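Working notes, structure below.
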Amino acid sequence: MTQEAPIQKPNIFFTFSAVFSRPPQTRLIKAINHSHLFTLATVIHTSEENIVLVEKDQWIHELSDIEVDYAHLFSIPSSDHVIPYESYYIDRIKVGMGDWNNFKKPAVEKEVSGYLNGPSSSELRKLYAEEGFFVAQDQMELPDHIGCELEFLGYLFENNKVEKAKVFFQKHLGKWCFQFLQGVEAHARTDFYKKGAKTLHHFLSLEFS
């Protein structure tokens, strides 16, 4: 498990795309545990011989808890909700802010963030088409969803477009993913998502350093 195994990198991106795109299934957790995909992501850039496995056998028995955690993190609005879209973190829109006490005063235009399906989403839709990339049919999300962007990186590595992957990370995923992953690690209630977020953070930090 060293950096001399580039063929494994697409699988790492595809795995984390699945982890953050949809509620977990038994098949996915079994695959992660069997192939030690989280562990691989932590050591692929090193030549360490003493490897500590990230995966836990009990994850397969905690599937219902992990499913609830997925909903708690990504589906149900709450104080612990973590938004998985680039537009939310990056895009800005101008909104006129008026004075409720004096309607004769002209509105002041201010830039606000925190909305979805903005320019980032449109830009990515165009970029994907130019590269011949099509989001998986079961990935019913906007183009700027964390899962779509990770899947696109896997696609670029799979097709030996490493330089394009680096540019994509700098212009898109790298601008917001670490904030997202910190949010997941802070608010997750299960070890599966805490370890998943921490592992992906570590992998991306080294891959694109």
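Please go through the stretch 163-191 and pick out each residue that is hydrophobic (A, V, I, L, M, F, W, C), surrounded by fewer than 18 Cβ atoms within 10 Å (Cβ to Cβ) and more than 16 Å from residue 149 (Cβ to Cβ).
First pass over the stretch 163-191, keeping only residues hydrophobic (A, V, I, L, M, F, W, C): 165, 167-169, 173, 176-178, 180-181, 184, 186, 188.
Checking which are surrounded by fewer than 18 Cβ atoms within 10 Å (Cβ to Cβ) leaves us with 167, 178, 186.
186 - this is the single residue of the stretch 163-191 that is hydrophobic (A, V, I, L, M, F, W, C), surrounded by fewer than 18 Cβ atoms within 10 Å (Cβ to Cβ) and more than 16 Å from residue 149 (Cβ to Cβ).
Across the stretch 189-209, the number of residues qualifying as touching a Lys or Arg at 6+ places or on another chain (Cβ under 9 Å) and within 19 Å of residue 57 (Cβ to Cβ) comes to 3.
Can you pull out every residue in the stretch 59-83 that is surrounded by 10 or more Cβ atoms within 10 Å (Cβ to Cβ) and more than 24 Å from residue 145 (Cβ to Cβ)? Correct list: 60, 61, 62. What helices (runs of 4 or more DSSP H), lying completely within the stretch 61-173, carry at least 1 residues that are under 18 Å from the mean Cα position of the chain (by Cα), more than 30 Å from residue 206 (Cβ to Cβ) and at pLDDT 95 or above? Filter on the stretch 61-173 gives 63-70. Scanning the stretch 36-47 for residues that are in contact (Cβ under 8 Å) with a residue 24 or more places away in the chain and either farther than 12 Å from residue 193 by Cα or part of a loop (DSSP other than H, G, I, E, B) (or both) yields 37, 39, 40, 41, 42, 43, 44, 45, 46, 47. The set of residues from the stretch 42-58 being crowded, with 19+ Cβ neighbours inside 10 Å and modelled with pLDDT under 95 comprises 42, 43, 44.
The values are calculated or read from the model by the stated rules, or taken from the named source; none is laboratory data. Keep in mind it's a predicted model, so treat the numbers as computed, not measured. Here the Cβ is made from the backbone with ideal geometry for all residues, glycine too, and neighbour counts use every protein chain on show.
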